[in-house]
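Notes follow the structure.
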Amino acid sequence: MSVADHSKGFREDYLSYADLTAQLQAWAKAYPHVCNLASLGTTPEGREIWILTLGTEPDRLRPAAWVDGNMHAVELAGSSAALAIAEDVLRVHAGEAIALPETLLDVLKEILVYVVPRISPDGAEAVLTTGRYVRSVPREERANREHARWVAKDLDGDGLALVMRKQDPAGEYVEAKEMPGLLVPRQIDDVGPFYKVFPEGVIENWDGSTIPDPNFLSDNDPDLNRNFPYHWAPEPDQIGAGRYPLSEIESRAIVEFVSARPAIFTWLNLHTFGGVFIRPHGAKPDSKMDPSDLAFYRQFEEWATEFTSYPTVSGYEEFTYEPDKPLHGDLSDFAYHQRGAISWVCEIWDLFERAGLPKKKRFVDRYTQIDRGDMVQIAEWDRDHNEGAVMRPWRPLTHPQIGEVEVGGIDPRFGMWNPPRRLLPEVCEGLAAVFLRTAILAPRVSIDDVEVTSVEGEVRHVQATIRNHGYLPTYVLSSSRSLSWNEPLALSIETEGCTLLGEERKTLGHLEGWGRGRWSGAGALYYQRSRGSVSERRVHFTVKGSGVVVLRATSCRVGEVVRSVEI
């Protein structure tokens, strides 16, 4: 059987928790030598936060690549893309054809790949089964619950909790003339009826007259992507921050796992939607970024554009919702600043491009600077290219608290928040291609050119060269070199049957990789120069007698390389 024969259809559909679990278990059963399935933790609703470790000897420390998805509950496509990446890595280990040169496939076989396809299984299940909006997790643990707030609930018995509209002379919305049923922002020359729009649900702690403002966290307290420890800030400075850093089981489980594995060198955090890759910094402009780091990211940007057509933008310069007000506590910043990984976010699904909307100077403005014509354009795209999955009919309902309303409207799950199912294969293929190319940049330490020469009698001189054959240096990012745990390489020398004359341990320091990134200046035609012996260290030692010498080059950042030499 091929790897594809074990697929549960994740490239064509959005999987429930049960189906996602079955997919992971099927791979673990079929490929036990390279596929290890474990749980990072159990959610309050009893679901496992699955992590798949791909590679031989999963407990052996060595360079590793990480991908996760579906941290935000409605952003289901992240799970599909993460599973597609896992499937392609399995294909490499199974010896199946894949669009990479053979030499690069060997690199992928040497490293570990960690895949967490669904960080928020409780949230994703709520979205799939009820249609309600959940930012991350469908739970409410705030102490202050006595205020009036909206709680999502299916009121008309169709199994979904979408939205409600209520006629109101002060309503901010009106139906578009070009698209009956589509609500658009009201303008001064519009003729009613006008509408207020609320979540389908009820008002908890209602006073009988005052309708509270809906909030995207009204009944689902934390935003996991504001709960990570780097640059964390409490509410009200950061909405959705949680009670304290890592207050949530999902974020805490990730941080505990990766903090014990400093060899993770690249990290892809999958979200939806927009069709864009977002890179560091989150709180500083490019002029404040380490130039070497920026050169590496520009290389990745080239691949991102080639295989997905998505642009890559600075999180600070093009993805702050309010200028000079960066987000706090997000996972990507934690991965870059505290774990020293080449981290980036992908907002899957280029809806704006598909619908033909104009580009904006700052990418983030595409989400907010949408006029009525743009909204009609998206609705027409849904009608013509998405079988009308987003636009739902309005149905009258007598609400138990606020009277006559209509239920229905927009179901953004498949076509807005996530790509239509028919486009999932294309999305999965492109993201897998980008991820595999970043994974092959791993540091690759080896012990080469071992020479043994006789000195006198049973005394022999041994010389070896420790090299980094990888694109990235052994410290990975220049900005991460100062992290306390980012230790340099050391060489230990053990003997069996012979005697070492001298030190048993030698400090080697970090080794540079051959990569320089893009636009670093190193490739300029008018001044091409190479660095010196920065990617290797030559060591010398002396032994007496005959036997075996075991050389171990080790670092928690790149793992361990061992070579035995007969003397």
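Restricted to helices (runs of 4 or more DSSP H) entirely inside region 47-136, those with at least 2 residues that are aliphatic (A, V, I, L, M) and in contact with a strand residue (DSSP E or B) (Cβ under 8 Å, 6 or more places away or on another chain) are 77-93.
Residues checked against (1) within 19 Å of the chain's Cα centre (by Cα); (2) on the phi < 0 side of the Ramachandran plot:
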residue	(1), (2)
LYS29	no, yes
VAL34	no, yes
GLY46	no, no
PRO58	no, yes
ASP68	yes, yes
ALA73	yes, yes
SER80	yes, yes
ASP88	yes, yes
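Among the residues of region 211-243, none is identified as more than 30 Å from HIS399 (Cβ to Cβ), touching a Ser or Thr at 6+ places or on another chain (Cβ under 7 Å) and at pLDDT below 95.
Screening region 282-308 for residues that are free of Cβ contacts under 8 Å to residues at least 60 places away in the same chain and in contact with an Asp or Glu (Cβ under 7 Å, 6 or more places away or on another chain) and picking the one that is surrounded by the most Cβ atoms within 10 Å (Cβ to Cβ) gives GLY282.
Identify the residue in region 444-468 that is exposed (fewer than 15 other Cβ atoms within 10 Å of the Cβ) and of a type in the set (S, T, N, Q) and, among all such residues, is farthest from GLU110 (Cα to Cα). Per the stated criteria, the residue is SER454. In the set (1) open to solvent by less than 10 Å² (accessible area, probe 1.4 Å); (2) touching a residue at least 60 places away in the same chain (Cβ under 8 Å), the condition left unmet by TRP206 is number (1). Considering ARG186, ARG226, the condition of being open to solvent by 70 Å² or more (accessible area, probe 1.4 Å) and either of a type in the set (Lys, Arg) or out of contact with any Asp or Glu (no Cβ under 8 Å at 6 or more places or on another chain) (or both) is satisfied by ARG186 alone.
The numbered conditions (1) surrounded by fewer than 16 Cβ atoms within 10 Å (Cβ to Cβ); (2) under 25 Å from TYR297 (Cβ atoms) are all true for THR474 except (1).
Please find, within region 508-550, the residue that is farthest from THR465 (Cα to Cα) out of those that are among the hydroxyl-bearing types (Ser, Thr, Tyr) and surrounded by 13 or more Cβ atoms within 10 Å (Cβ to Cβ).
Step one: of region 508-550, the residues among the hydroxyl-bearing types (Ser, Thr, Tyr) are 520, 526-527, 530, 533, 535, 542, 546.
When the remaining residues are screened for being surrounded by 13 or more Cβ atoms within 10 Å (Cβ to Cβ), the result is 520, 535, 542.
Details: SER520: 28, SER535: 10, THR542: 15 Å.
That would be SER520.
Scanning region 539-556 for residues that are over 14 Å from ARG60 (Cα atoms), not in a strand (DSSP E or B) and not polar (S, T, N, Q) yields GLY545, GLY547.
Among the residues of region 4-38, those identified as closer than 30 Å to GLU560 by Cα and either assigned to a loop (DSSP other than H, G, I, E, B) or open to solvent by less than 50 Å² (accessible area, probe 1.4 Å) (or both) are LEU24, TRP27, ALA28, ALA30, TYR31, PRO32, HIS33, VAL34, CYS35, LEU37, ALA38. For ALA553, the criteria (1) at pLDDT 95 or above; (2) surrounded by fewer than 18 Cβ atoms within 10 Å (Cβ to Cβ) hold in every case but one, which is (2). Counting only residues that are under 38 Å from the mean Cα position of the chain (by Cα) and either under 18 Å from ASP293 (Cα atoms) or touching a residue at least 40 places away in the same chain (Cβ under 8 Å) (or both), region 494-530 holds 15 of them. When MET1 is tested against the conditions (1) open to solvent by 50 Å² or more (accessible area, probe 1.4 Å); (2) farther than 25 Å from HIS469 by Cβ; (3) in a helix (DSSP H, G or I), the lone failure is (3).
Being of a type in the set (A, V, I, L, M), touching a residue at least 40 places away in the same chain (Cβ under 8 Å) and either closer than 20 Å to GLN299 by Cβ or surrounded by 19 or more Cβ atoms within 10 Å (Cβ to Cβ) (or both) is the requirement here; does LEU491 meet it?
Judged against the criteria, LEU491 is a match.
Counting the residues of region 144-157 that are in a loop (DSSP other than H, G, I, E, B) and either over 17 Å from VAL127 (Cα atoms) or touching a residue at least 24 places away in the same chain (Cβ under 8 Å) (or both) gives 9.
Tell me yes or no: at least one residue of region 256-268 is open to solvent by 50 Å² or more (accessible area, probe 1.4 Å), free of Cβ contacts under 8 Å to residues at least 24 places away in the same chain, among the hydrophobic types (A, V, I, L, M, F, W, C) and farther than 30 Å from GLU426 by Cα. Checking region 256-268: at least one residue is open to solvent by 50 Å² or more (accessible area, probe 1.4 Å), free of Cβ contacts under 8 Å to residues at least 24 places away in the same chain, among the hydrophobic types (A, V, I, L, M, F, W, C) and farther than 30 Å from GLU426 by Cα. Elements of the type strands (runs of 3 or more DSSP E) sitting completely within region 311-418 and holding at least 2 residues that are in contact with a Phe, Trp or Tyr (Cβ under 7 Å, 6 or more places away or on another chain), open to solvent by less than 50 Å² (accessible area, probe 1.4 Å) and more than 28 Å from ARG243 (Cα to Cα): these cover 312-314, 342-348, 403-410. In region 158-197, of all residues being in contact (Cβ under 8 Å) with a residue 60 or more places away in the chain and among the basic types (Lys, Arg), the one that is nearest to ILE410 (Cα to Cα) corresponds to ARG165.
Give me the residue from region 118-154 that is of a type in the set (A, V, I, L, M) and open to solvent by less than 10 Å² (accessible area, probe 1.4 Å) and, out of that set, nearest to the chain's Cα centre (by Cα). Spell out how you get there, then give the answer.
Of all residues in region 118-154, those of a type in the set (A, V, I, L, M) come to 119, 124, 126-128, 134, 137, 143, 148, 151-152.
Of the ones still in play, those that are also open to solvent by less than 10 Å² (accessible area, probe 1.4 Å) are 119, 124, 127, 134, 137.
On the way: ILE119: 10, ALA124: 16, VAL127: 20, VAL134: 19, VAL137: 17 Å.
Filtering first and then ranking leaves ILE119.
The values are calculated or read from the model by the stated rules, or taken from the named source; none is laboratory data. A quick note: this is a predicted structure, and the numbers were derived from the prediction, not measured. Backbone-built Cβ (ideal geometry, glycine too); neighbour counts: all protein chains shown. Please note that ligands, DNA and RNA were not included when accessible areas were found on the heavy atoms of the full protein model with its side chains. Shrake-Rupley method; radii C 1.70, N 1.55, O 1.52, S 1.80 Å.
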